[in-house]
Each structure stands twice: as C-alpha cells, then as structure tokens.
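Beneath this line is the structure, given in structure tokens, with notes to follow.
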Amino acid sequence: MGMDSLIGGTIWDEYSQKVTDLMNNPKNMGEITEEQAEAMGAKLIVADFGAESCGDAVRLYWAVDPKTDRILESKFKSFGCGTAIASSDTMAELCKGKTVDEAVKITNIDVEKAMRDTPDTPAVPPQKMHCSVMAYDVIKKAAAQYKGVDMESFEEEVIVCECARVSLSTLREVIRLNDLTTVEEITDYTKAGAFCKSCIRPGGHEEKDIYLVDLLEEYEKEKMAAAATLGNEGSGAGSFKEMTIVQKIKAVDKAVDENIRQMLIMDGGDMEILDIKENGENIDIYIRYLGACNGCASSSTGTLFAIENILKEKLDPNIRVLPI
C-alpha cells in the first residue's frame, strides 16, 4: 500500500524518511514456512495479535534455534495502516539474532526510536504512536508460545502508558518525588502521555483501568490528607518525617511564612531553606540568613532558638535548625 493512498496533508512532514520508505518497501514482510524453519534446524513460531483500538493486526513469524533460544529469522504480515506496516517491519528486524528472552525486552519506544532519522526527532506523529504498541504485545505472544507459558507472565507490572511502557509504580513514584501537579509535567519526566494520549484521560484510542488524571487526583488527595493530619495533630510525630523532601520543604516554608518570616522582615532580614536531611532520629534543616539577619549576633542564639522551637512545635519535635 503506497503512502499516497493512506493519508494526506502536512502530517507527512511528521513522518521520518525511514518510516515512509518502510511503508512502501518493507524488508521483512512475508512468512516463514515449516519447511524453511526445518531447513535451518529451527522451531517455527507463529503469533497473531490485533489492536482493537485501531483495527490493525499483525502476524509474527519466528524461526528459533531450540538449542540456543536464538531467533534465526523473523518475518511479519500486517493488516493495517502504513505506520503499522513500518513498525512491524522494524520490530521483526530488531528480533533477529536475539534470544527469546532478549526479544521480550524490546519495547514500543525501541521500535519508534529505530525508525527515527535523527535521535531527537520522533519517527511518527503522536496520534499514530499507538500503531507500534502491537510490537511489544505480539513479541510477548510469540515468546509465550515458544516457552509454553501465558503471555501475561512476561508483564511484571501494571502498564499505564502502553506507548512509552511506563508502569503504575513508576508514575506514582515520580509524581510523589517531584510533587507533580499536571499531565504536562508527568510527560516531561516520563514520556507517558506523549504519544497516542490514551493514558491521559478516558476517551482515547484505548480504554484504561487507570489514567494519568486519576493518579494526579490520587496524589492531591494524599497531600490534603497529610495537611489535615499536620493541622489536627500538631507535631504529629512521624507524619512530617514520612513526607517526601519536596513536601517537607513546602511544610517548613509554610510554617516559616505563618510564624517566623514577618518577625525577621521587621528587623530588616529574612531566611531561606537550603536543605533537609535525616540524621538518625533528628531531622536537620539547613538555613541561610538574609539581609540584616546575616551576621546578627542573635542569629545563632535567640533568633535560632525561636525558629527551631516553632518548627518543632508545628512540624516535628526532632527538628534541628542549622544555619550555614
């Protein structure tokens, strides 16, 4: 199927030259017969996978050496758009020479990157990235057939973004560690949501059990619960210590703004939080005085004592304030 019959308009500018070449002249399209596999001393594996989200389907052929588990030949047949043909051809090429266990590690991002003309320019438009999602799934199915196991046994984690292969646990960790609040920030950190966008919210190419917007809402609820706990329990032994570093800095800044900063400003000075580190049972908060407070005699005695006492009362009794 030639590219001229597939799609029109300026969207062609978003395809790499490699993709457009493979759409018209795939290198690995075809089949491997039982006789051909036997001639190589290999076991023939034929796996089918269809993507309901876009109506595409792919059949993957492997000739696998049973002595080494190495894929001696790899071919495909694709029933779908030009992008599916190009990505399936690339996927088949990447499988060649690998062991079955190595092939299972090939991701959709590996396929997309292999189709790029330059390392930093995506090979396909974001809305067509879902066409390469089949690559990972059909490889899993072929590997499962060869090993005689269920294909889901290769999936150790819940995958939220199929295009970038980003897991639920990774997304939760990145959101918490970096205090992310928008989908755009999640995409910047993880690439999740950068391609077909089905993982962002309901209504995309593929229905999900959990979306990026759900994870942001989940994190926001956790922050509200943590704030409520701090407000209700005062020092709340343990609650401050369990926060992420970003949450701790925000909590300290809030306590300083509400109870300390105005006093310092009235004397022509101020302070800033440089770092927070756990030191055994203690939580050391490193600060720097600004303005008139820098070099003031009481900055290491009365003022320091007042700041430390307020933070101990508001956040955690094990806080120590250390000026730098």
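The values are calculated or read from the model by the stated rules, or taken from the named source; none is laboratory data. Small disclaimer: the values here were computed from a predicted structure and weren't measured. When we count neighbours, we look across all protein chains shown, and the Cβ atoms used for this are built from the backbone with ideal geometry, even at glycine. Ligands, DNA and RNA are excluded from the accessible area calculation, which covers all protein heavy atoms including side chains. Shrake-Rupley method; radii C 1.70, N 1.55, O 1.52, S 1.80 Å.
Filter segment 291-324 down to residues that are assigned to a strand (DSSP E or B) and at pLDDT 90 or above and give me whichever is nearest to the chain's Cα centre (by Cα).
Ranking the qualifying residues of segment 291-324, first place goes to I319.
Give the residues of segment 229-250 that are open to solvent by 60 Å² or more (accessible area, probe 1.4 Å), modelled with pLDDT under 85 and within 17 Å of I310 (Cβ to Cβ), sorted by residue number.
Within segment 229-250, G231, E233, A237 meet the criteria.
So that you can scan it fast, the table gives a plain yes or no per residue for (1) of a type in the set (F, W, Y); (2) within 21 Å of H205 (Cβ to Cβ); (3) modelled with pLDDT under 95:
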residue	(1), (2), (3)
M3	no, no, yes
V46	no, no, no
A57	no, yes, yes
L72	no, no, no
S78	no, yes, yes
S87	no, yes, yes
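For T20, indicate whether it is at pLDDT below 95 and not charged (D, E, K, R).
When the stated conditions are applied, T20 passes them.
Taking E258, is it open to solvent by 20 Å² or more (accessible area, probe 1.4 Å), assigned to a helix (DSSP H, G or I), under 28 Å from R176 (Cα atoms) and in contact with a Ser or Thr (Cβ under 9 Å, 6 or more places away or on another chain)?
Spelling it out, it is not the case that E258 is open to solvent by 20 Å² or more (accessible area, probe 1.4 Å), assigned to a helix (DSSP H, G or I), under 28 Å from R176 (Cα atoms) and in contact with a Ser or Thr (Cβ under 9 Å, 6 or more places away or on another chain).
Would you say K27 is open to solvent by 40 Å² or more (accessible area, probe 1.4 Å), at pLDDT 95 or above, part of a strand (DSSP E or B) and in contact with a helix residue (DSSP H, G or I) (Cβ under 7 Å, 6 or more places away or on another chain)?
Answer is no for this residue.
Being part of a helix (DSSP H, G or I) and among the hydroxyl-bearing types (S, T, Y) is the filter here; which residues of segment 172-228 pass it?
Within segment 172-228, T187, Y189, T190, Y219 qualify.
All but one of (1) modelled with pLDDT of 90 or more; (2) within 25 Å of the chain's Cα centre (by Cα); (3) open to solvent by 60 Å² or more (accessible area, probe 1.4 Å) hold for T121; which doesn't?
Condition (1) is where T121 drops out.
Take A103 and decide whether it is more than 19 Å from the chain's Cα centre (by Cα) and touching a residue at least 40 places away in the same chain (Cβ under 8 Å).
So A103 fits the description; yes.
Based on what the data block shows, is D253 open to solvent by less than 70 Å² (accessible area, probe 1.4 Å), under 23 Å from M224 (Cα atoms) and in contact with a strand residue (DSSP E or B) (Cβ under 7 Å, 6 or more places away or on another chain)?
yes
Anything in segment 153-183 that is closer than 20 Å to V100 by Cβ and either aromatic (F, W, Y) or touching a residue at least 12 places away in the same chain (Cβ under 8 Å) (or both)? List them, or say none.
Across segment 153-183, the qualifying residues are F154, E155, R165.
Taking segment 30-42 on its own, how many of its residues are part of a helix (DSSP H, G or I) and either open to solvent by less than 40 Å² (accessible area, probe 1.4 Å) or hydroxyl-bearing (S, T, Y) (or both)?
1
Quick check on E272: is it closer than 25 Å to D179 by Cα, in contact with a Lys or Arg (Cβ under 6 Å, 6 or more places away or on another chain) and without any contact (Cβ under 8 Å) to a residue 40 or more places away in the chain?
yes
Identify the single condition in (1) surrounded by 13 or more Cβ atoms within 10 Å (Cβ to Cβ); (2) free of Cβ contacts under 8 Å to residues at least 24 places away in the same chain that D316 does not satisfy, given that it satisfies every other one.
The number of the failed condition is (2).
Please go through segment 174-220 and pick out each residue that is of a type in the set (G, A, S) and touching a strand residue (DSSP E or B) at 6+ places or on another chain (Cβ under 9 Å).
Selection gives A192, G193, A194, S198.
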